[in-house]
1. Between residues in the stretch 164-177 that are at negative phi and residues that are within 6 Å of the ligand (Cβ to nearest atom) and in a helix (DSSP H, G or I), which pairs lie under 8 Å by C-beta distance while being six or more apart or on different chains?
2. Filter the stretch 61-90 for residues that are part of a helix (DSSP H, G or I), more than 10 Å from the ligand (Cβ to nearest atom) and of a type in the set (A, V, I, L, M) and give the result.
3. Considering only the stretch 91-123, how many residues are among the aliphatic types (A, V, I, L, M), more than 20 Å from A248 (Cβ to Cβ) and more than 12 Å from the ligand (Cβ to nearest atom)?
4. Looking at the stretch 307-320, which of the residues that are surrounded by 15 or more Cβ atoms within 10 Å (Cβ to Cβ) and of a type outside the set (A, V, I, L, M) is nearest to E255 (Cα to Cα)?
5. Which of the residues spanning the stretch 128-149 are of a type in the set (S, T, Y) and either away from the ligand (no atom under 15 Å from the Cβ) or at pLDDT 95 or above (or both)?
6. In the stretch 231-332, which helices (runs of 4 or more DSSP H) lie fully inside it and hold 1 or more residues that are of a type in the set (A, V, I, L, M) and modelled with pLDDT of 95 or more?
7. One residue is enough: does the stretch 273-287 have a residue meeting the conditions crowded, with 22+ Cβ neighbours inside 10 Å, touching a strand residue (DSSP E or B) at 6+ places or on another chain (Cβ under 8 Å) and farther than 23 Å from E184 by Cα?
Amino acid sequence: MGLGYGNLVAIPHVLRTMPPVYFAHDYKTTTLHESGVAMDMWERGELTNRRTKGPTWTHSTDAGWSPEQYQRFADHRGRPMRDLLARVEAALTADPRVVVDLGCGPGDQTLALTDRWPGARVVGIDSSAEMLTKARSLDAAGRVEWVQASAEEWDPRSTGGPVDILVTNATLQWVPTHLRLVPEWVAGLAPGGVFAMQVPSNFAAPSHRLMREVASRHPRAEQLRPGLARAEAVAQPETYAALLLGLAPDVDVWETTYQQVLPAGDGEPHPVLEWVKGTGLRPVLGILPEGPERDTFIETYAAELERAYPRRPFGVIFPFSRIFALARTQGA
Ligand SMILES: C[S@@+](CC[C@H](N)C(=O)[O-])C[C@H]1O[C@@H](n2cnc3c(N)ncnc32)[C@H](O)[C@@H]1O
């Protein structure tokens, strides 16, 4: 079954026929999210054939990942992966033999891949030891090969054979150089293989904007700023479309906003605060140690969230936008 071109009618033919392009973007000074679409970058001469990998974040000051905090909203967090996999399934022409989940996190969704494709070898890769410990604890039967590696360092050839499906869900926003890595990952796919990614695109939403604003008024604003800007490594949907169309014949890119309803009992912490504590607030939590300084930041931020996302009888509506992108390589 062929993939549609979705909303890509605006991409001119010349972009579809260009050789693979690589982004030589200085992520330190400008975020890709703010930098405009690929066509603008092309016109400004900012797309090049450089294959240089970016640096890894070995000196990250982020707080570690807490599988428990992250999984507090497992239903909402799992939905985009399920939607992405439904699209992957529709794109496949044969049962996959090797499936890789890059940034597998606590592993529940990786294990679901073994249910979906029981004949496949499934590899879960993540840079976080905490997440992998949780993942292994869920996998007593050893159905998944768990590997600790960063996306920046991972080499698709290390799996010992071509990859039929490379899925990466809610991870590449933490990998600011991912636009440079995607071509290598797509090149490592088997004929007819599928690359599928999902990234949040809600960095302008009140949840993240207010976090940045509170951080900008903080006495340690300069220390807090890089971590929060780094989480904005997400590009425009058109950028993913243009990049993937240079790499594979069948591409589908779309953006969705989920109207998430989070439970919000009286006297309980605001649920959006609890949500971001598991993800986007980690750069702040890593810099402000537990104690009065962190408490003041959280109180100020939580008060802003109460106004932006009011509690209602049914809970709090937390709209959440996400970008999905798929590319299928030429079949055998
Ligand atoms: C938001 S969680 C998503 C986990 C899982 N894919 C899911 O959908 O529930 C992001 C995951 O990306 C991992 N991660 C962040 N940066 C990474 C990197 N540079 N290389 C590999 N994994 C990374 C984190 O450790 C974390 O487990």
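1. Within 8 Å, the pairs are V167/M81; N169/M81; N169/Q109.
2. Of everything in the stretch 61-90, those that are part of a helix (DSSP H, G or I), more than 10 Å from the ligand (Cβ to nearest atom) and of a type in the set (A, V, I, L, M) turn out to be L85, A86, V88, A90.
3. Taking the stretch 91-123 first, the residues among the aliphatic types (A, V, I, L, M) are 91-92, 94, 98-100, 102, 111-113, 120, 122-123.
Pick out the ones that are also more than 20 Å from A248 (Cβ to Cβ) and you get 111-113, 120, 122-123.
Okay, now just the ones that are also more than 12 Å from the ligand (Cβ to nearest atom), so 120, 122-123.
Total meeting the criteria: 3.
4. F320
5. Quick first cut of the stretch 128-149, residues of a type in the set (S, T, Y) only: 128, 133, 137.
Those that are of a type in the set (S, T, Y) and either away from the ligand (no atom under 15 Å from the Cβ) or at pLDDT 95 or above (or both): T133, S137.
6. Working: elements: 237-245, 271-277, 282-287, 292-308.
Once the helices (runs of 4 or more DSSP H) in the stretch 231-332 are filtered for at least 1 residues that are of a type in the set (A, V, I, L, M) and modelled with pLDDT of 95 or more, what remains is 237-245, 271-277, 292-308.
7. Yes, the conditions are met somewhere in the stretch 273-287.
For every residue, the table says whether it meets (1) under 30 Å from I317 (Cα atoms); (2) hydrophobic (A, V, I, L, M, F, W, C); (3) at pLDDT below 95.
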| site | (1), (2), (3) |
| --- | --- |
| L47 | no, yes, yes |
| T58 | no, no, yes |
| T61 | no, no, yes |
| W65 | yes, yes, yes |
| G107 | yes, no, no |
| T114 | no, no, no |
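The values are calculated or read from the model by the stated rules, or taken from the named source; none is laboratory data. What you are looking at is a predicted structure, and each value in this text was computed from that prediction instead of being measured. Ideal geometry is used to build each Cβ from the backbone, glycine not excepted, and the neighbour counts take in all protein chains shown.
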